[in-house]
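The values are calculated or read from the model by the stated rules, or taken from the named source; none is laboratory data. Remember, predicted model here, so these are calculated numbers, not experimental data. Cβ placement follows ideal geometry from the backbone for every residue including glycine, while neighbour counts extend to all protein chains displayed. Please note that ligands, DNA and RNA were not included when accessible areas were found on the heavy atoms of the full protein model with its side chains. Shrake-Rupley method; radii C 1.70, N 1.55, O 1.52, S 1.80 Å.
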Amino acid sequence: MSKNKQQADIRSHRLDKDQIARNFGDLHPPLSRSEALIAADRCYFCFDAPCTTACPTGIDIPGFIQKIRSDNIRGSAHTILGENIMGGMCARVCPTEVLCEDACVRNTHEEKPVEIGLLQRYATDPVFDQGTPLFSRAAATGKKVAVVGAGPAGLSCAHRLAMLGHDVVVLNRDDKPGGLNEYGIAAYKTVDDFAQKEVEYILSIGGIELRKGETLGKDFTLQDLRDSYDAVFIGIGLGSTNTLGLDHETLPGVDSAIEYIAEIRQSDDLGKLPVGRRVVVIGGGMTAIDIALQSKRLGAELVDIVYRRGPEQMGASRYEQDLAQTNGVTIHHWAKPVELLGDDHVTTIRFERTALDSNGRLTSHGDGFELTADTVFKAIGQILDVGVLGKDAAGLEIRHDRIVVNEAGRTTLPDVWAGGDCVAGGDDLTVTAVQQGKVAAIDIDRRLRGE
Amino acid sequence: MADLKTTFLGISSPNPFWLASAPPTDKAYNVNRAFEAGWGGAVWKTLGEDPPIVNVSGPRYSAIHSNERRVIGFNNIELITDRPLQTNLDEMRQIKQDWPDRALVASVMLPMNEPTWAKYLPMVEETGIDAFELNFGCPHGMSERGMGAAVGQVPEYIQMAAEWAKKAASVPVIVKLTPNVTNILPPAKAALDGGADAVSLINTINSIMRVDYDSLTMYPTTDGMGTHGGYCGEAVKPIALNMVAEIARTKETRSLPISGIGGISDWRDAVDFLALGASNVQVCTAAMVYGFKIIDDLVDGLNNFLDDKQLTLDELIGKAVPSVTDWQYLNLNYVEKAVIDQELCIQCGRCHVVCEDTSHQAITHTVNGERRFEVIDSECVGCNLCVSVCPVEGCISMHQLTEGIDPRTGETISPEKADWTTHRNNPMRKTK
């Protein structure tokens with residue numbers, strides 16, 4: 001354990017202000033009108049469009065693109081946001097390369113899909129910039145619904161409930177609403193405080209009361225809500241980070257990727273953030289890419305991602321992997337961490353080679369390698385902190401550490417619905433969370449109207 | 001390389017591409033540039049009486065664009081030349097001297113009285129021009145003064161003016177026709193009867209481009225008011241081709257040489273006009289959109305095409321005319337069905353939805369539970385709509401049924417031709 005005695009090299013201001021500004025500018029700058037018109041012209045307006053089928057929220061993509069073509073931008077935004085109130089954020093963060101754009105028929109002969117994500121942003125940006133009201137509320141029903149968590153699932157649910165005439169109280173743990181949109185997405189994917197702009201727009205429909213600093217299991221219980229509201233929606237995401245299960249995991253320098261991403265997002269002077277010279281990221285999802293790339297863009301010299309399986313199994317899309325690599329991040333596949341070394345700070349992490357055995361199970365070879373590290377980021381997923389559900393959890397079916405819901409978002413408690421990352425069967429995408437919130441709201445409305 | 005040297009009415013030019021009478025041929029400066037670029041000839045911007053007309057000092061042009069800002073259709077309200085006649089004549093004389101191998105034609109538009117024609121035509125001819133083109137086509141402005149399309153819409157006037165021109169001129173006389181008529185044949189016949197040596201067509205089509213979506217006035221305007229202009233560019237080509245073919249295939253008019261005009265942008269457009277009966281072509285809009293350099297592709301493309309087809313230019317001229325006929329003579333026993341190449345199909349489903357919504361419900365969207373687009377022969381009428389809308393060229397093609405039974409009609413395919421003139425449903429049918 002005292003093998004390496006080197007000093008950890010972690011410091012701020014590795015890059016000058018201008019370089020930081022360039023590194024954290026918009027990853028995909030928005031389309032100009034002429035670019036959008038040309039991009040829109042490439043849409044074939046497919047029958048029963050494969051892109052729409054591939055969209056978790058079922059946006060009528062050829063429909064909104066047709067409206068871009070005719071300069072009917074407000075109509076286009078309505079088509080998008082009517083299905084996905086977070087269509088603005090999804091335009092920025094959706095892995096379109098595995099969803100709508102992957103399904104685009106243009107891929108067959110050209111391998112170049114219509115730029116659906118950028119077009120969606122083109123259509124929706126003016127709505128958030130100008131606060132264009134597109135939705136109104138139905139006549140008041142007199143029903144009150146509690147939504148726990150102001151992330152994509154909770155806000156989507158709240159907005160739809162408000163549209164349908166219900167009053168909604170959103171209880172949020174964090175100071176700022178938005179959930180992972182605010183705290184968990186790489187800064188260059190959502191510049192100019194877009195997450196807050198989007199939340200403001202969502203709340204502007206009226207009928208939604210947002211309370212901050214309200215933590216489930218601490219400030220109130222699920223039972224409290226069930227006693228005081230006509231229905232409850234849980235969209236609390238995943239509270240705790242997985243552990244590597246290694247000794248010395250609490251060594252300084254072994255950090256949670258999610259927490260550092262949140263710090264980056266909340267920082268008003270990115271240059272001030274301390275970053276290691278050598279950064280090693282453990283994991284293969286979007287969070288691993290986001291932390292690796294942002295470390296690099298803050299000035300880390302050597303950034304390595306180590307993932308225990310191959311590129312096909314990575315949660316991050318091929319596009320994201322390429323993005324990391326073209327930004328100078330090295331990705332090592334088929335290796336798992338086995339030992340953290342360092343006295344008062346992590347200095348080295350040792351890996352073992354892995355492979356699949358004949359039964360498809362992951363095994364390790366024994367041989368391996370070491371990487372020197374000033375910082376080790378764990379980006380190996382999060383788990384639901386079941387404890388926060390309190391004694392009501394007894395009535396809630398939990399499977400694989402997630403809440404079980406049916407296709408309408410109902411839990412096993414009759415007056416409780418759930419959606420987003422905290423439910424089983426999701427794919428940890430913003431767009432899926434939005435859909436689950438919407439679907440649950442429609443079901444809650446049906447139930448409250450006695451249908 | 002094929003020889004593109006052309007002789008039209010005895011006027012030779014190094015290629016069959018002339019610039020039409022229009023803004024590109026308004027001055028020696030422009031025509032010089034055109035000839036340097038390689039154009040075979042130019043029809044000078046229409047001359048009129050002195051004092052010259054005046055043009056508006058606001059917008060004269062506007063366009064219909066694709067989303068990529070490609071100009072699809074074009075409109076103008078410019079009148080004939082607004083320069084003194086003598087200025088034009090001096091420049092024309094100089095151009096003809098400097099470019100003896102190029103065709104130079106004088107376009108004229110004069111009031112409808114013979115003395116005026118007798119006065120002006122010899123003055124113009126004296127510059128050394130190769131021919132006259134009588135502008136009976138412009139639909140805007142001058143037509144309000146009884147000239148341009150106002151003449152071209154009345155066959156009797158065409159004939160009268162053609163006769164005056166032939167009397168006053170010793171060089172050939174071409175009559176430029178307006179498409180703003182229901183039938184192009186009477187004007188063409190009138191030109192022939194008046195002694196014209198050839199016709200050129202089409203001039204521009206009466207048009208208003210659009211409204212301004214903010215002011216809700218027509219667009220464009222001059223100080224808030226607008227007027228209809230002449231429409232041209234690639235959007236008008238099919239209209240022009242029909243009129244050219246009508247003249248070329250009709251017994252009474254087919255002896256007239258034709259100079260084809262209307263939306264020619266590349267060499268293929270020229271092939272269309274030549275094959276449908278034009279002996280040379282005139283171009284304006286494409287030059288106004290891209291500049292004179294387009295002549296490179298026009299000449300080179302036509303050359304390569306003729307080489308590939310092993311045709312001479314003369315053999316190409318009129319080649320497609322025999323394939324144009326009246327609807328009543330189409331073979332009603334002939335049956336085609338669409339076939340979709342599943343290897344090329346990208347599964348956009350456009351063929352299905354348009355057939356389903358607007359035609360004959362003859363294309364599937366699902367086969368055995370899979371997304372798949374197949375033609376249902378028992379419903380397919382062979383209309384070619386799916387071929388027209390398919391974004392993948394060559395993916396859907398039409399195939400003739402040569403034998404057996406047409407599954408749609410249940411009738412046996414007959415090798416014999418049978419048209420409407422003898423069809424049993426035709427109350428006016430001819431008996432054999």
For this session: Within the range A:14-33, work out how many residues are open to solvent by 70 Å² or more (accessible area, probe 1.4 Å), modelled with pLDDT under 95 and either in the same structural domain as A:Glu110 (by TED's automatic domain parsing) or under 28 Å from A:Glu97 (Cα atoms) (or both).
Result: 3
Exercise. For the range A:423-447, how many residues are among the hydrophobic types (A, V, I, L, M, F, W, C), buried (at least 18 other Cβ atoms within 10 Å of the Cβ) and within 22 Å of A:Asp227 (Cα to Cα)?
Worked result: 3
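Residue-wise test of (1) closer than 15 Å to A:Val232 by Cα; (2) assigned by TED's automatic domain parsing to the domain that holds A:Gly315; (3) not in a strand (DSSP E or B).
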position: A:Ala394; (1), (2), (3): no, no, yes
position: A:Thr412; (1), (2), (3): yes, no, yes
position: A:Trp417; (1), (2), (3): yes, no, no
position: A:Asp428; (1), (2), (3): no, no, yes
position: A:Ala433; (1), (2), (3): no, no, yes
position: A:Lys438; (1), (2), (3): yes, no, yes
position: A:Ile442; (1), (2), (3): yes, no, yes
Problem set entry | Residue among B:Val151, B:Val124, B:Val181, B:Val171 that is in contact with a Pro (Cβ under 8 Å, 6 or more places away or on another chain) and of a type in the set (Val, Ile, Thr) | B:Val181
Exercise. Among the candidates B:Ala245, B:Ala320, which residue alone is out of contact with any strand residue (DSSP E or B) (no Cβ under 9 Å at 6 or more places or on another chain), open to solvent by less than 20 Å² (accessible area, probe 1.4 Å) and more than 15 Å from B:Leu19 (Cα to Cα)?
Worked result: B:Ala245
For this session: Taking B:Lys337 as meeting all but one of (1) away from every other protein chain (no Cβ under 12 Å); (2) surrounded by fewer than 17 Cβ atoms within 10 Å (Cβ to Cβ), write down the number of the exception.
Result: (2)
For this session: Return the total of residues in the range B:30-47 being part of a loop (DSSP other than H, G, I, E, B) and in contact with a strand residue (DSSP E or B) (Cβ under 6 Å, 6 or more places away or on another chain).
Result: 2
For this session: Quickly run through the range A:1-38 and pick out the residues that are under 28 Å from the mean Cα position of the chain (by Cα) and either at the interface with chain B (Cβ under 10 Å from one of its Cβ atoms) or aliphatic (A, V, I, L, M) (or both).
Result: A:Ile10, A:Leu15, A:Ile20, A:Ala21, A:Leu27, A:Leu31, A:Ala36
Problem set entry | Criterion: closer than 26 Å to A:Asp48 by Cβ, among the basic types (Lys, Arg) and out of contact with any Gly (no Cβ under 7 Å at 6 or more places or on another chain) - qualifying residue of B:Arg371, B:Arg424 | B:Arg371
For this session: Could you check, for the range B:377-390, whether at least one of its residues is at the interface with chain A (Cβ under 10 Å from one of its Cβ atoms) and of a type in the set (D, E, K, R)?
Result: no
Seminar exercise, completed: Among residues of the range A:99-147 being closer than 25 Å to A:Leu203 by Cβ and of a type in the set (Asp, Glu), the residue surrounded by the most Cβ atoms within 10 Å (Cβ to Cβ) is A:Asp125
Exercise. Hey, among the residues in the range A:39-92 that are out of contact with any helix residue (DSSP H, G or I) (no Cβ under 7 Å at 6 or more places or on another chain) and small (Gly, Ala, Ser), which one's farthest from the other protein chains (Cβ to nearest Cβ)?
Worked result: A:Gly82
Exercise. Looking at this structure, is B:Leu344 within 14 Å of chain A (Cβ to nearest Cβ), at pLDDT 95 or above and surrounded by fewer than 16 Cβ atoms within 10 Å (Cβ to Cβ)?
Worked result: yes
